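So the structure is just underneath, and the comments pick up after that.
Every read-out reported here was derived from the displayed coordinates using simple, explicitly stated rules and does not represent laboratory data. Note that the coordinates shown come from a computational prediction; the quantities given were computed from them, not determined experimentally. Cβ placement follows ideal geometry from the backbone for every residue including glycine, while neighbour counts extend to all protein chains displayed.
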Amino acid sequence: MKEIQTERLLIVPFDLNYLNDYYLGFDAEITQYQYPDPFESKEAAGKLLQEFIDEMNQGEMLFLAILDKKGEFAGGLEVHGLAEEYPELGVWLKKDFQGKGYAYEALYHIIQHLNQTDQKKWYIYEADIRNKSSIGLVAKFAYQKEGLDEFTTESGKELKLQRYLINIKE
């Protein structure tokens, strides 16, 4: 994948030029309702993000950077399990980009892109039931609720992840 241009965003394959922005933006507040925790160090972030880049280069996933039209790093977008019946989507935005419709815009356009090459009926999207923004995001798509998974992570976070199957509304 080269890049996707939207009205306000540029979605490009992630590379380590965005490492510092990713590391600094992916903080405790951003990850409050997500399975992953903030990175312990910039080096740890670089190692994991390089693994994602390698998986993308092998065609197993998409690991993308979301940029605004000025080129500022706004967040990350992932598509895991590209070969699966239902690939899994993940998106996060830096705090100053939240609440402006950027997450919907990014997800909408990546789903549109994926549907052009390999039409999927659904994409998995998980959101903690306490995360009102993510729940509101899901409502903008055609969706079906799946199971609720409640558990405690290794770091002690208690999550209540609602699994959704989503796609673009027709």
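Solvent-free Debye calculation, one equal scatterer per alpha-carbon of the stretch 4-123: log10 I(q)/I(0) at 0.19 Å⁻¹ equals -1.09.
Out of the trypsin sites (Lys or Arg not before Pro) in the stretch 34-88, which ones are loop residues according to DSSP with at most 14 other C-beta atoms within 10 Å? Of the trypsin sites (Lys or Arg not before Pro), the ones in loops of the stretch 34-88 whose Cβ has at most 14 other Cβ atoms within 10 Å are Lys69, Lys70. Convex hull volume of the C-alpha atoms in the stretch 53-166, normalised per residue: 132 Å³. Over the residues of the chain, the helix contribution to mean residue ellipticity at 222 nm works out to -8500 deg cm²/dmol, using -39500 (n - 2.57) for each DSSP H run of at least 4. Distance between the C-alpha centres of the stretch 98-170 and the stretch 1-78: 17 Å, rounded to the whole angstrom. Packing around the peptides 86-97, 148-159, taken as the average count of other Cβ atoms within 10 Å per residue, puts them in this order, highest first: 86-97, 148-159.
Exposure proxy ranking for Leu48, Leu161, based on other Cβ atoms within 10 angstrom of each Cβ and starting from the fewest, stands as Leu48, Leu161.
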